[in-house]
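Worksheet: the structure to be examined is printed underneath.
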Amino acid sequence: HLTTILSAMRNRHTLRMIHQSFWRDEPTYPTVEPYSLKMFRQRWYLLAKVLDDSKKDDIGELRTYGLDRIVNAVETDDSYTMPDNFEANNIFANLVGISGIGGKIEEVKIVVEEEQSKYLRTLPLHHSQKEVWTGDWESEFEYKLIINEEFKRELRAYGPSLEVLKPDWLREEFREETERTLRAYKKPKGKK
């Protein structure tokens, strides 16, 4: 549907779509103003303003749609005007990935074992990353961003080499996940 989406963006025409989310059994039928495309983790996403949707809970909001989950897309004859000073890079500046648009920016602090710290130094998780201190065995990093699932996945990838210090709610979430994982490994193999 890339050709249809690009044509609608170029002509400033709305799109009627059928979108099948990974998280819903039934598709949604949004009509959107297509603003921009973004690639994340080898997948393309459409950033669009929702005009009408069978869900009805995100009308008027900016939303991302995975192109691989768009079942159908039709360019309409209805035109729209881009918002003044719209800049897609600004929309995504406080995010890792594509989810959480418009969320609250929070301060995150983590401690990482020195071996893994080298990876963070050479490939920061986000442009706000700062190394607060470095010790012989570990380093502390700080971020100012919107905490979303993509960012949490990046942190999880470091496994037991990483400890979340702040915010408290995120530390608690990671602690609970660790306990669930430990319980899973105490069960007989393959039994739920």
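Brief remarks on what is shown
- Dipole magnitude of segment 62-192 about its Cα centre (Cβ charges: Lys, Arg +1; Asp, Glu -1), debye to nearest 20: 940
- Residue order for Met17, Met9 - accessible surface, 1.4 angstrom probe, largest first: Met9, Met17
- The fraction of accessible area contributed by carbon and sulfur in the chain is 49 percent, rounded to a whole number (1.4 Å probe; ligands and nucleic acids excluded).
- For the chain, the longest principal axis of the alpha carbon atoms and the long axis of helix 2-11 meet at an angle near 60°.
- The chain - percent relative contact order, Cα under 8 Å, separation 6 or more: 17
- Vicinal HN-Hα couplings computed from phi for segment 119-131 (Karplus, 6.51 cos²θ - 1.76 cosθ + 1.60; Hz; Gly/Pro x): 5, 5, 5, 8, 9, x, 6, 7, 5, 7, 4, 9, 8
- Projecting the alpha carbon convex hull of the chain along each direction and taking the average yields 13.9 nm².
- Accessible area per residue for the chain is 62 Å², calculated with a 1.4 Å probe on protein heavy atoms, without ligands, DNA or RNA.
- Within a Gaussian network of the chain (alpha carbon springs, distance under 10 Å), most fluctuating of Glu179, Glu87, Glu114: Glu179
The values are calculated or read from the model by the stated rules, or taken from the named source; none is laboratory data. Note that the coordinates shown come from a computational prediction; the quantities given were computed from them, not determined experimentally. Note that we place each Cβ from the backbone using ideal geometry, even for glycine, and neighbour counts take in every protein chain shown. We work out accessible area using only protein heavy atoms, side chains counted, and drop any ligands, DNA or RNA first. Shrake-Rupley method; radii C 1.70, N 1.55, O 1.52, S 1.80 Å.
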